[in-house]
Structure formats: structure tokens, C-alpha cells
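Worksheet: one structure, shown below.
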Amino acid sequence: MELSQRVKNITPSSTLAITAKANELRASGIDVIGLAAGEPDFNTPEPIIEAAIKAAREGHTKYTATSGLSALKEAIVKKIAHDNKIHIKSENIIVTTGAKHALYLTFQALLNPGDEVIIPAPYWVSYTEQVKLAEGVPVIVNGLEENDFKLSLEQIKQATTEKTRAIIINSPSNPTGMIYSKEELKEIGEYCLEKGLAVISDEIYEKLVYDGAVATSIVEVVPELQKTAVMINGVSKSHAMTGWRIGYAVADSVLIKAMTNVASHSTSNPTSIAQYAALEAYTGSQESVEHMRQAFEGRLNRAYERLISIPGIRCIKPQGAFYLFPNVKRAAEMTGFSSVADWATALVEEAKIAVVPGEGFGAPDYMRLSYATSMENINEALDRLHTFMESHIK
Ligand SMILES: Cc1ncc(COP(=O)(O)O)c(C=O)c1O
């Protein structure tokens, strides 16, 4: 079967592949600890589940408007006014099948063939592939470790050409957990405004911030960006709802209409009962969100201290999301591996811990380690890593 050039150009999601590998080993009875997960290990809070059951029982099982239920969009309008001090209308929102599809629709509606999108590396794996699927050109710019992996304005200026259409800002970042400060966002936002670049602001980890850190939306800092920015968010990470597939995009109504048009010919509306669940997520008590945040904070602090005591590993302390992103090049070299990818394979096979090598995030000297797992698993996994290092150092 001859496949399209479009699909030949993309690579499958490396994070999902590694989780699948760890699950497969586990299913065959091998005790692998997975530190590869990109999702909270908590169950969806009970009131949200109840809301979905109620919606199904009451017959809310039909198509909804493609762009989502009015009540849910109203709830998002209020959430944004409360959290970001930005005043939008329902016509500025599309509810989507996860934040991933909000991003997909954005690129489909925004890019012409050859349009360039600046993507800061390390990056979340789907950005580059989604840009390519829209016939755009990903322009990868490396965030430096000494600048907490964030792009400087100078780097953005250097990467901008007459073909640049957009830039992605993901703060807090997957995989690095870093957060752009208000000052940094202001500089970048004002530059994008001046150059007419769209800013795609992926804020999916906004609620998962630690040790007093605050994540601010670039649109809050530079409100004029409301015309040209796309805010991406959803309930997946904040409310432990990855499987329900509810995200959203906020943008100018013209872009939202175009995105809705694309959605109307692909997914149609996101699942009706999942939308009712998301409505409860945004309008009900936010106590469980804070409860989960605190659990992640405790794990981060424990895992970070333990990780940096392991030989060959260097790590900047993350401020958000639920990942550690250490430089492990030296660890791989010390144990006789020529690449972090080979070293990570040995970790699964010998130490029985699954991590994601940094290659897929555009940062081959690093690995991503998720602490969205129990404290017990974190302790055991890091003990195994330490033992592996000590027994293999050449
Ligand atoms: C940075 C980032 N953006 C978007 C998403 C997609 O979220 P969703 O599960 O809502 O599609 C993820 C999920 O891993 C992510 O890490």
C-alpha cells in the first residue's frame, strides 16, 4: 500500500511508544516502573464522573454544536476572566477533542504551505509533526540550559524570517517544567505583536506549578495579543481527565470559525458526556485540583533531591508540569554507552525503569522522567537508577 507523502513525513509519538513498551513488559510479568507517563496517575475526581453519568442518564448523548456546549463555553469565559483577567466571549472559544486537537486545528486553520513556525526546543513531540501535517515548516530553536531552556528575545529575532507565521510558547513546559517570567513574556509578546506573528500559547500545565512559582499567560501580559494569539488549554492535566479528551482554544472569532469548520469535517463535537464532565470540572469545587498539585509538589521535591545525588546526572529544578529533565550525557558516557537512547534502553532492560530519551524532544543529551506516579515508585525507581549507575560505571 503506497502511503501519502504527508504521513511519510511524520514520526509516531515517542512518549506514547515508550509507555506502550513499559505496559507490554509489565503485562508479561516483568516489574518495570514507568516514569514515562504524560498523564496524572490520579483518578478523575468523583463529582466529575458523577456529572458524566448524570448527563448520559438524562439523554445528553446526541451531537452538540461542533464548537462545544454553550454552557461549557460560558464556564470557560468565566474561568479565563478569573484566572487570566482576560474578557472574551463564547465566539472566541472552540471546545476540542483534547488540547492536542485544539493545536491541530490551529495549525490547519493558520498555516499556508511553507509558513514557518518557531518551536522552542526541548519541545513537546506533537508540535513539529502537527506543523508538518499542515504543510508548515517547523523552525527549531534550542533553548539553552543556562537560560532554563527558554528562548531569549535575541534568539527569536534571529529565527524570524519573512515566512515566519507563528511561535509556540509552552509554559510551564513539557518536557522541561520551566516557566517564562512576566518580563520575558512581555518582551516576546511585544515583538510578536510588532512583527504580526501569531503566538500559540500552550497553557495545559498552568495549574501544576510548585514552590511558589506562578505561570502567567502571555495574553494576560500583552492583552493586545488577543487578536493574534491562540490560548490552548483543557482539563486533561489539571483535573486528571486525559482519557475524556476535552481541550479548548481561545482566539479571534474569525480563526475560531475557521477551526470549527475544520472540526465539523473531522471530529464534529467532542464527546457530549465528556463535555458535561468538563463543565463540572470548571464550575465545581477546585479542591481536588489543589490537592493533586500538592501531591505533585511533594513528589517533585523528593525526586529532585534524590536524582541529583546520582553520579553523572545534572538537573535544573523544574517549576511546573510533572517532569524532570536532567542532562544524562555524562551518565551514559560513564557507563560505556555512546548515546542516551542506548543508555535508556539498558535502563528498561536491566534496571527495569522506563524513561523517555530526550531525542524525541529535540534534546538528545537529556531524558524525561515523569513523577506522575506514587512516591513509592519514585523512590524505588531512583534507587534502581542509582544501583545501575554504581554497578556499571567503568
Ligand atoms: C504540552 C502539551 N500540550 C498539549 C497536550 C495535549 O493534551 P490533551 O491530552 O488534552 O490532548 C499535552 C499532553 O501531553 C502536552 O504535554
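Results, tabulated for the structure shown:
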quantity	calculated
Sole exception among (1) outside the structural domain of Asn379 (by TED's automatic domain parsing); (2) aliphatic (A, V, I, L, M); (3) out of contact with any helix residue (DSSP H, G or I) (no Cβ under 7 Å at 6 or more places or on another chain) for Ala258, by number	(3)
Options Thr267, Thr283, Thr271: the member that is open to solvent by 50 Å² or more (accessible area, probe 1.4 Å) and farther than 19 Å from Ala71 by Cα	Thr267
Criterion violated by Thr228 - all others in (1) crowded, with 23+ Cβ neighbours inside 10 Å; (2) more than 18 Å from Val95 (Cβ to Cβ); (3) of a type in the set (Ser, Thr, Tyr) satisfied	(1)
Criterion (touching a residue at least 24 places away in the same chain (Cβ under 8 Å) and either among the basic types (Lys, Arg) or touching a helix residue (DSSP H, G or I) at 6+ places or on another chain (Cβ under 6 Å) (or both)) met by exactly one of Gly234, Gly177, Gly196	Gly234
Residue in region 42-57 that is open to solvent by less than 20 Å² (accessible area, probe 1.4 Å), within 14 Å of the ligand (Cβ to nearest atom), part of a helix (DSSP H, G or I) and in contact (Cβ under 8 Å) with a residue 40 or more places away in the chain present	no
Selected residue [within 19 Å of Glu187 (Cα to Cα) and open to solvent by 30 Å² or more (accessible area, probe 1.4 Å)] from Asn84, Asn112, Asn142, Asn170	Asn142
Condition check for Val209: open to solvent by 10 Å² or more (accessible area, probe 1.4 Å) and more than 16 Å from the chain's Cα centre (by Cα)	no
Pair list, Cβ < 8 Å and 6+ apart or interchain, from region 101-116 residues that are closer than 16 Å to Thr128 by Cβ to residues that are charged (D, E, K, R) and within 11 Å of the ligand (Cβ to nearest atom)	Leu103/Asp202
Close pairs (9 angstrom Cβ cut-off, 6 or more residues apart or separate chains): of a type in the set (Val, Ile, Thr) in region 23-39, within 16 Å of the ligand (Cβ to nearest atom) and assigned to a loop (DSSP other than H, G, I, E, B) anywhere	Ile33/Thr373
Residues within region 61-100 that are assigned to a helix (DSSP H, G or I) and of a type in the set (Phe, Trp, Tyr), tallied	0
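The values are calculated or read from the model by the stated rules, or taken from the named source; none is laboratory data. Note that the structure is a prediction, hence the values are computed from the model and not measured. Every residue, glycine as well, gets a Cβ built from its backbone with ideal geometry; the counts of neighbours run over all protein chains shown. These area figures cover heavy atoms from the full protein model, side chains too; ligands, DNA and RNA do not enter into them. Shrake-Rupley method; radii C 1.70, N 1.55, O 1.52, S 1.80 Å.
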